[in-house]
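The values are calculated or read from the model by the stated rules, or taken from the named source; none is laboratory data. What you see is a predicted model, and the numbers here were worked out from it, not measured in a lab. Every residue, glycine among them, receives a Cβ derived from its backbone with ideal geometry; neighbour counts consider all protein chains shown.
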Amino acid sequence: MNELLQALLRRPPLGRAARAASDWVDLQLAHVVGSLARLAPRARGRLLDVGCGDKPYEHLFRPHVLEYLGVEHEATFGATAARSRGKADVLYDGDRLPFPDASFDTVLSVQVLEHTPRPEALVAEMARVLRPGGLLILSAPFSFRLHEEPHDYFRFSPHGLRALCGRAGLAIEEIHPHGSLWSLLGHKVNSYLALQVAQIGGVAQSLGKLGHEASAGGRARVWTLPLVAPAMIAVAAAARALDRALPDPTETLGFTLAARRSPASGATGPSDPGRAPGRCAARSASAS
């Protein structure tokens, strides 16, 4: 049954439909993509994607930039499913980003900051390679399951992100939450249904998702899908409706921000970011 499911999903029409349905149910991914789509038109010139994985957001930014370059932490990237897709342009040792000061007009980092033991140093490195007046677009989780263990170190409030950016000489221009209380609860329920009940992590990777994770083993519980799939769709729909009707600004999955390097600023802060691993970006079978 698992082999039949995999074969069906390799057919382009069915695979595209399954991926679209999975992305809609994946509340965390939907909010991240929505916030990035709003900010993408502000990207310019040369763009560096820090922790690029398999570049799942390149299509949002490519129309607005002259060059899109992805960098990955070599040691940790090699253990992920994204490595086989071969989209990282540069691999590095996780210390100093291998680019001169002021090399890029835009720096993008999506769901990576929680995976470095020294996030302040990584933010400072991203500020260093930005040109004066350049833009950082950064996404980070606030409430999220353990993932990519053992390299899962931190969660971030909007105030913590402002402090990190401020110490690196970056001024936040706007910040967007990833949904409200109901998206948070819905995502956790759907992640449990997808990853623990149906065990479809491997199926999700066959659709091009979960690139940040190690290749999933085991067999999906295909017999659970007639119950699990409708339940996940209902949860995602209810979460979206309740977020609009009964929002709670103190609860969210995470934040996406846009921060500008001062036109007169120099490189500031520490320059040893430690680990900048594969992104946590399209993350989940439901999403995560």
Quiz item: Among the residues of segment 195-235 satisfying the criterion of being in a helix (DSSP H, G or I), within 26 Å of VAL112 (Cβ to Cβ) and of a type in the set (S, T, N, Q), which is modelled with the highest pLDDT?
Solution: GLN196
Practice problem: Determine whether segment 156-175 contains at least one residue that is touching a Pro at 6+ places or on another chain (Cβ under 6 Å) and over 18 Å from ARG261 (Cα atoms). | Solution: no
Quiz item: For LYS188, which of the numbered conditions (1) touching a strand residue (DSSP E or B) at 6+ places or on another chain (Cβ under 9 Å); (2) at pLDDT 95 or above; (3) more than 24 Å from LYS55 (Cβ to Cβ) fails to hold?
Solution: (1)
Quiz item: Any residue in segment 147-165 that is on the phi < 0 side of the Ramachandran plot, in contact (Cβ under 8 Å) with a residue 60 or more places away in the chain and of a type in the set (Asp, Glu)?
Solution: no
Exercise. Determine whether GLU114 is in a loop (DSSP other than H, G, I, E, B), under 19 Å from the mean Cα position of the chain (by Cα) and surrounded by fewer than 24 Cβ atoms within 10 Å (Cβ to Cβ).
Key: no
Quiz item: Which residue out of ALA245, ALA259 is more than 14 Å from LEU193 (Cβ to Cβ), at pLDDT 95 or above and surrounded by fewer than 14 Cβ atoms within 10 Å (Cβ to Cβ)?
Solution: ALA245
Quiz prompt | Every residue from segment 232-242 that is surrounded by fewer than 17 Cβ atoms within 10 Å (Cβ to Cβ) and closer than 23 Å to LEU146 by Cβ | solution = none
Quiz prompt | Failed item, numbered, when ASP93 is tested on (1) acidic (Asp, Glu); (2) crowded, with 17+ Cβ neighbours inside 10 Å; (3) touching a strand residue (DSSP E or B) at 6+ places or on another chain (Cβ under 9 Å) | solution = (2)
Quiz item: Would you say ASP101 is assigned to a loop (DSSP other than H, G, I, E, B), modelled with pLDDT of 95 or more, surrounded by fewer than 23 Cβ atoms within 10 Å (Cβ to Cβ) and touching a Lys or Arg at 6+ places or on another chain (Cβ under 6 Å)?
Solution: yes
